[in-house]
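We did not get these values from a lab; they are worked out from the coordinates using the rules stated. Note that this is a predicted model, so its numbers are computed, not measured. FYI the Cβ positions are ideal-geometry reconstructions off the backbone, even for glycines, and counts take in every protein chain you see.
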Amino acid sequence: MNEAGFKKLLLGAGIALILLFYLSPVIWMAVVSLSKNADFLSRGRIEITCENFKNIFRERTLYFPFYLKNSLIVGFFSALFATLFGGLAAYILTRTDSRLKKILMVGVLAVSMFPQISLAGYLFRMMTSAGLINTYTALILPYISWCLPFALWILMGYFSQIPRDIDAAALIDGADRFRAFSRIIVPLALPGLLSTFLLVFIFAFNEFLFALMLTTDHNARTVPVGISLFEGLHGELPWGNIMAASLISALPLILLALFFQRYIFKGLSGGAVKQ
């Protein structure tokens with residue numbers, strides 16, 4: 001075997017190992033969700049069934065459809081507003097030459113480094129006093145605040161690549177600043193905005209701590225918390241139902257990543273520039 005063939009063999013083996021490493025949890029989750037008994041390894045045989053998938057939609061005590069709906073709603077609006085506010089702030093900051101810009105950016109980054117648990121008690125008391133516990137608003141507002149620094153930093157890098165001459169030309173032609181932003185800059189920055197939206201959506205969809213603390217029942221509880229509270233009739237853990245629910249919950253995120261990976265990569269690489 002020549003050197004080129006040996007390199008291809010090593011590359012193929014490396015790719016296969018990486019795929020096996022990352023896909024093995026998903027494969028195991030799918031196998032358990034399709035098995036009649038979660039302890040099929042000790043039994044030495046596996047019985048394939050779709051009952052677990054039927055149960056999570058049929059059993060009213062599991063409330064899985066409510067959890068999935070709540071996660072989609074909370075994730076969508078959190079990503080929408082975080083991307084909107086982050087985009088407006090990033091555009092303004094990239095179009096100004098203030099000396100305070102770098103100080104502001106460092107301050108935003110520093111604030112975002114506080115761990116979630118350090119804010120949990122204050123956030124719970126604030127939402128309780130406002131009467132927002134167990135509502136979508138109680139989750140959407142913290143998620144927007146938590147993701148804004150992330151969205152701002154990504155979009156700052158992307159907007160900084162768009163020449164200011166484009167704004168100047170639009171203003172000369174009679175457009176105001178908002179119209180120049182919405183009609184010209186936004187279409188040019190669409191890959192960055194879309195990648196930011198998807199990443200914030202994934203974060204909000206998967207977030208656990210705030211969703212556990214700020215919700216009390218299926219009316220606002222999201223998928224991660226709902227699945228963690230799955231319980232059988234006698235207190236046992238229904239692993240088949242848990243894995244089936246986890247697999248279905250992961251499908252929207254997997255499909256988003258597959259269909260929009262080009263925009264995600266383009267948006268993130270576009271933001272990876274020096275300010």
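Here the residues Ile248, Ile140, ranked from fewest to most Cβ neighbours within 10 Å of their Cβ, fall in the order Ile248, Ile140. A viscosity of 1.002 mPa s and a temperature of 20 °C, combined with the Kirkwood radius over C-alpha pairs in the Stokes-Einstein formula, give region 1-141 a diffusion coefficient of 100 µm²/s.
Close amide H pairs (under 5 Å, H built 1.01 Å from N) link Ser35 with Thr49, residues at least 5 positions away or on another chain. Look at Val106, Val74, Val225 and count the other Cβ atoms within 10 Å of each Cβ; fewest to most, that gives Val106, Val225, Val74.
Placing +1 on the Cβ of every Lys and Arg and -1 on the Cβ of every Asp and Glu, with nothing else charged, gives region 1-61 a dipole about its Cα centre of roughly 120 debye. Sorting Met243, Met126, Met213, Met29 from the fewest to the most surrounding beta carbons within 10 angstrom yields Met126, Met29, Met213, Met243. About its Cα centre, the dipole of the chain is roughly 480 debye, where the only charges are +1 on Lys and Arg Cβ and -1 on Asp and Glu Cβ. Here the label points at Leu104 and Glu231, each 7 Å from Cα along the C-beta direction, are separated by 4.9 nm in the simple model.
Evaluating kT/(6 pi eta Rh) at 10 °C and 1.306 mPa s, with the Kirkwood radius of region 61-271 over Cα pairs in the Stokes-Einstein relation, gives 84 µm² s⁻¹.
Projecting the Cα atoms of Ile46, Leu20, Ile172 onto the charge dipole of the chain, computed from C-beta unit charges around the Cα centre, puts Ile172 farthest toward the positive end.
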